[in-house]
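Notes follow once the structure below has been shown.
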Amino acid sequence: MALQRAASVLAAALAFASILITGPVQSVGVCYGMNGDHLPSPAEVVQLYKSNGITAIRLYKPDVQTLRALNGSNIAVLIDVADETVTRLASSVPGAQLWVRFYIQHYPGISFRYISVGNELTGAATQNIVPAIKNLNAALDAAGIKGIKVSTAVRLDVLASSSPPSSGVFKDGYMNQVVALLGTTGAPLLVNVYPYFAYIGDQKDIDLNFALFQPSSTVVRDGGLSYTNIFDAMVDAVHAALRKANVQVPVVVSESGWPSAGGVGASVANAQTYNQNLINHVGKGTPYRPQPLEAYVFAMFNENLKPGAETEKHFGLFNPDKSPVYPIRF
Ligand SMILES: *[C@@H]1O[C@H](CO)[C@@H](O)[C@H](O)[C@H]1NC(C)=O
């Protein structure tokens, strides 16, 4: 009897502790891509975030109308330096200072969390990442702005290997320089993580359920850790690469999503399953790092002007008329 009571007190204490640990830190945002015709006005978009309980947004460029609509809104912001602006900020301290003044200092009512220097930069442009981060950090310092972390958003293929997760290692030298810098500033590495593309690239070997966070017969064992979904395996491959680079840098998932139409494996049911499971899952973290993870769902709207495969136009949670493509709970 006493033992039973002790056990139930312990269970209650553990449940309470897990609420304390996972409640306030976990955060799921949504990326606001704007490559579409007839999207709602930025003011309507911000309203749509609020009415759906979405507490964080990623912007791919500092769009002034959107910044005005977000000013005073309580929505946390990850803002990108547009790819085409990165070179200028890398080569010019005054350029970085102007950028900070126009897009950060003018909006004291916005809670900016991160600045991303570009999105998925490749080739020669990667050489601009470190100098642009340094110039932006100097500009933020000079303006007396604290608490905004400057980083860059990368694709998973910055890794030379990702399977099993513990084999994760960065492919190119520039990534070691980037993460060494992040290690000194406390900024996270921003990583776009797409189980969808892993799945369509290897349907023979990857079980759809394993990609969708559904019960699956696939379990990847890696050292002492067991993986029941591919998202965790991908994120932990990045953790392994950071460990090998000898840095303490957290990971933020700056994009993840699943298309609802337009190609193999793309359906409303699969997109709803993936995104809802992602939202429900990230608070638990990954096997290697079982702490709340911050993630941004890609994307808010179906974007009919996105180039590339047909599926690219169908990653949205909402249609341009603001109707949901499928129900989703935040
Ligand atoms: C943003 O809101 C603040 C008040 O929180 C205000 O002082 C500032 O002028 C606003 N910025 C813009 C550009 O409207």
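The table that follows gives values for the structure above.
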| item | result |
| --- | --- |
| Solvent-accessible area, 1.4 Å probe, carbon plus sulfur percent, for region 28-313 | 50 percent |
| At R0 = 35 Å, FRET efficiency that the Cβ-Cβ distance of Leu98 and Arg243 yields, to 0.05 | 0.40 |
| Cβ crowding within 10 Å averaged over residues, with 229-239, 64-74, 139-149 ranked highest first | 229-239, 64-74, 139-149 |
| Rounded if a/c under 1.5, otherwise prolate or oblate - region 204-269, Cα gyration tensor axes | oblate |
| Within the chain, helix-based [θ] at 222 nm, where runs of 4 or more DSSP H residues each add -39,500 (n - 2.57), nearest 500 | -11000 deg cm²/dmol |
| Sum of side-chain charges, Lys61 neighbourhood, beta-carbon under 12 Å (Lys, Arg +1; Asp, Glu -1) | -3 |
| Using a Förster distance of 45 Å, the FRET efficiency for Gln127-Asn52 (Cβ separation, nearest 0.05) | 0.70 |
| DSSP-defined antiparallel bridges as percent of all bridges, region 28-313, nearest 5 | 15 percent |
| Lys, Arg +1 and Asp, Glu -1 on Cβ, resulting dipole of region 26-113 about Cα centre, debye, nearest 20 | 280 debye |
| Amide hydrogen neighbours beyond the local backbone of Lys61, cut-off 5 Å, H modeled | Asp80 |
| Leading residue at positive end of dipole, region 275-330 (Cβ point charges), from Phe301, Pro324, Gly283 | Gly283 |
| Share, in percent, of DSSP beta bridges within region 138-249 that are antiparallel, nearest 5 | 60 percent |
| For region 28-313: rounded, prolate or oblate by the Cα gyration tensor [a/c cutoff 1.5] | oblate |
| Rel. contact order, % - alpha carbon contacts under 8 angstrom, at least six apart, the chain | 19 percent |
| FRET efficiency estimate (nearest 0.05) - Cβ-Cβ, Ser167 to Asn209, R0 25 angstrom | 0.60 |
| For region 151-204: rounded, prolate or oblate by the Cα gyration tensor [a/c cutoff 1.5] | prolate |
| Among 87-99, 187-199, the order from most to least packed when residues are scored by Cβ within 10 Å on average | 187-199, 87-99 |
| Charged-residue dipole, Cβ positions (Lys, Arg, Asp, Glu), the chain about Cα centre, Debye nearest 20 | 900 debye |
| Between region 42-65 and region 157-232, the Cα center-to-center distance that results, in Å | 28 Å |
| Of Lys61/Lys284; Lys149/Lys313; Lys61/Lys244; Lys61/Lys146, pairs whose Cα-Cα distance is over 23 Å | Lys61/Lys284; Lys149/Lys313; Lys61/Lys244 |
| Positive dipole terminus of region 80-174, leading residue within Tyr103, Thr87, Ile145 (C-beta point charges) | Ile145 |
| Mean Cβ neighbour count within 10 Å, used as a protection proxy, ranking 279-285, 131-137, 318-324 highest first | 131-137, 279-285, 318-324 |
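The values are calculated or read from the model by the stated rules, or taken from the named source; none is laboratory data. Just so it is clear, the structure is predicted and the values come from calculations on it, not from any experiment. Positions of Cβ are generated from backbone atoms using ideal geometry, with glycine treated the same way; all protein chains shown enter the neighbour counts. Side chains included, ligands, DNA and RNA excluded: accessible areas come from the protein's heavy atoms. Shrake-Rupley method; radii C 1.70, N 1.55, O 1.52, S 1.80 Å.
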